[in-house]
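Visitor: Got a structure for you, questions after.
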Amino acid sequence: MQKPTFDPGLTQQFTGNLRRAINKDGSFNVERQGGTWRNIHPYLHLINVGWPTFLGLVLLAYIVVNTIFALIYFALGPGHLQNADMPTPLGRFLNDFFFSAHTLTTVGYGNLAPGSISANIVATFEAITGLMGFALATGLLFGRVSRPSAKIGFSEKMLMAPYQEGRSLQFRLVNLRPNVLIELSASITLMTVEPGPSGLTRQFQALTLERTSVYFFPLTWTVVHPIDESSPLRGKTAAELEALQAEVLILIKGFDDTFSQMVNARYSYRYDEMVWDAKFNPAFHIDAAGRMVLDVNQVSDFTIV
């Protein structure tokens, strides 16, 4: 039986030019299609969307629910809500909307109140809707702020840098947050498009590292792949890497000491994001008090050699 080739989960099939496998934000460059509404999980969506989108959806839901109940109160007719009658339909609808907001949030200022059995029944259902809705929103909010996540900064470019008697492939990391990350490990894979027996295929080769892990991560970490005799990059030029549509896929894992959980970060560099014959500049120095001072804005700084 033929031994299966290495595939990190991004398929070896080549069906067209791929912009990149991993986007700059760490997400995979995959657009999902098909499926049914049964596969939709609102919690997963709401826990992962950006903060502006999340807060906008919460505000939109709040307005929609109040509008629906306001229409119900309005349909009951004048006199069903105390102190809500106004000379114009718009004024009465606004009072119905504000009463709905009072009921939904359980504020109840007292100036507006149900004035009939029908209004009391609707207000009863709205009160429990508000309790359950705000409990759900609170749970989502807590889930978002309490979920551990890594904010690891990557250098803008990957360097082909001098290394001992030869060259190495290097990129640099920095923790953009003040929390403590320990036991950091790195895995990098070279993805290329090469001819095969049945046409073009994607090939994946794990790149060996000078150091696969570090115990502590208070400063920067320069991840180095020595280009030796066993490296698939040995002898390759920039033009050859472009022809191969080379992309270096990166997975970083570490332990978050604040949340006591594992976190991870993904990133990638394409062939056109490599700088040849360069080295990184130091991103930290020791001040007069003997402290190491790290400038996270200098993680990408390099010098051509």
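The values are calculated or read from the model by the stated rules, or taken from the named source; none is laboratory data. For clarity, every value in this text was computed on a predicted model and none was experimentally measured. For neighbour counting, all protein chains shown are included, and Cβ atoms are generated from backbone atoms with ideal geometry for every residue, glycine included. What goes into the accessible areas is simple: the full protein's heavy atoms, side chains included, and nothing from ligands, DNA or RNA. Shrake-Rupley method; radii C 1.70, N 1.55, O 1.52, S 1.80 Å.
Visitor: Only residues that are over 30 Å from ASP272 (Cα atoms) and outside any helix (DSSP H, G or I): list them for the range 122-164, please.
Guide: ARG147, PRO148, listed by residue number.
Visitor: Search the range 140-150 for residues being surrounded by 13 or more Cβ atoms within 10 Å (Cβ to Cβ) and either free of Cβ contacts under 8 Å to residues at least 40 places away in the same chain or among the hydrophobic types (A, V, I, L, M, F, W, C) (or both), and hand back the single one that is nearest to ASN179 (Cα to Cα).
Guide: Only one residue tops the list, namely ALA150.
Visitor: Mind checking which strands (runs of 3 or more DSSP E) fall wholly inside the range 202-305 and carry at least 3 residues that are polar (S, T, N, Q) and buried (at least 17 other Cβ atoms within 10 Å of the Cβ)?
Guide: Output list is empty.
Visitor: GLN205 versus (1) among the polar types (S, T, N, Q); (2) within 22 Å of the chain's Cα centre (by Cα); (3) closer than 26 Å to LEU18 by Cα: which is the lone unmet condition?
Guide: (2)
Visitor: Looking at (1) more than 29 Å from ARG147 (Cβ to Cβ); (2) modelled with pLDDT under 90, which is the one condition that is false for GLY34?
Guide: (1)
Visitor: Hey, can you tell me all the residues within the range 176-191 that are open to solvent by less than 80 Å² (accessible area, probe 1.4 Å) and touching a helix residue (DSSP H, G or I) at 6+ places or on another chain (Cβ under 8 Å)?
Guide: Within the range 176-191, no residue meets the criteria.
Visitor: Give the residues of the range 197-235 that are under 22 Å from THR5 (Cα atoms) and without any contact (Cβ under 8 Å) to a residue 12 or more places away in the chain, sorted by residue number.
Guide: PRO197, SER198, GLU229, ARG234
Visitor: Among (1) modelled with pLDDT of 95 or more; (2) on the phi > 0 side of the Ramachandran plot, which single condition is ASP277 missing?
Guide: (1)
Visitor: Out of all the residues in the range 1-37, which are β-branched (Val, Ile, Thr) and within 20 Å of LEU244 (Cα to Cα)?
Guide: THR5, THR11, THR15, ILE22
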